[in-house]
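Where a number appears in this text, it was derived from the coordinates with a stated rule and is not lab data. In this text, all values refer to a predicted model and were calculated from it rather than measured experimentally. Don't worry about glycine lacking a Cβ; one is built from the backbone with ideal geometry, like all the others, and counts go over all protein chains shown.
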Amino acid sequence: VRGNGVLLEWALENLVKNGLDALAGTGGSIRVSAQRESERRVAIQVEDDGPGVAPAVRTTLFDPGVTTKKGGWGVGLSLARRIVEDVHHGRLSLAPSEKGATFVVELPIADGAA
Ligand SMILES: Nc1ncnc2c1ncn2[C@@H]1O[C@H](COP(=O)(O)OP(=O)(O)OP(=O)(O)O)[C@@H](O)[C@H]1O
Ligand SMILES: [Mg+2]
């Protein structure tokens with residue numbers, strides 16, 4: 001990870017926060033997992049078993065200002081994507097899932113990292 005990783009932490013936190021919003025007292029759960037995808041790549045999944053992403057925003061949810069929440073700003077995912085992609089040269093995407101929502105952060109392993 002470049003720098004001290006505080007922006008990346010913020011991005012992950014935002015994915016979890018979105019998951020909590022989606023679950024909103026339904027008693028569902030959020031799971032965060034990570035695994036090495038390849039020699040040079042790790043993947044982190046943040047998944048919840050809430051209602052899933054509304055069809056109306058499925059293709060635009062990473063655009064700034066897109067929100068389905070009352071009082072939402074729609075900035076979380078657009079900033080998170082910029083942090084993951086521009087700062088860390090990774091990828092942030094919505095993975096296809098049968099139930100709920102799964103976001104995947106893929107990151108290159110830095111040169112010289114263990
Ligand atoms: N885990 C999720 N489950 C279902 N829908 C989601 C999930 N995460 C994001 N979304 C959808 O994507 C939209 C955009 O998310 P984003 O984080 O960018 O903005 P927001 O959460 O609405 O507002 P903000 O993050 O600015 O407070 C959300 O309004 C919601 O419709
Ligand atoms: Mg958000």
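Sticking with the crude label model, points 7 Å out along Cα→Cβ, report the distance from V57 to E9 in nm, one decimal please.
With each label placed 7 Å out from Cα toward Cβ, I get 2.7 nm.
Residue by residue through the range 20-34, which ³J(HN,Hα) values in whole Hz follow from phi under the Karplus form 6.51 cos²θ - 1.76 cosθ + 1.60 (θ = phi - 60°), with glycine and proline marked x?
4, 4, 5, 7, 5, x, 7, x, x, 9, 10, 10, 10, 9, 9
Hey, got the dipole for the chain? About the Cα centre, +1 on K and R Cβ, -1 on D and E Cβ, debye to the nearest 20?
Here the chain has a charge dipole of around 180 debye.
How about the range 56-114: which trypsin sites (Lys or Arg not before Pro) there are in a DSSP loop, with at most 12 other Cβ atoms within 10 Å of their Cβ?
Numbers: sites: R58, K69, K70, R81, R82, R91, K99; in loops: R58, K69, K70, K99.
Here the trypsin sites (Lys or Arg not before Pro) that fit, given the DSSP loop and packing criteria, are R58, K69, K70, K99.
Mean residue ellipticity at 222 nm from the helices of the chain, using -39,500 (n - 2.57) per DSSP H segment of n ≥ 4 over the full residue count, to the nearest 500 deg cm²/dmol? Don't skip to the end; give the middle numbers.
Numbers: 2 runs with 25 residues, N = 114.
Counting only the DSSP helices, I get -7000 deg cm²/dmol.
Can you tell me which of L92, L12, L23 moves the most in a GNM of the chain? Springs connect C-alpha atoms under 10 Å apart.
The residue that fluctuates most here is L23.
Could you state the principal axis extents of the C-alpha atoms in the range 30-114, from the largest down, to the nearest angstrom?
Cα extents, longest axis first: 45, 26, 18 Å.
Considering the options V42, A22, A110, tell which one lies farthest towards the positive end of the dipole of the chain, charges being +1 on Lys and Arg and -1 on Asp and Glu at the Cβ, about the Cα centre.
Most positive-ward Cα: A22.
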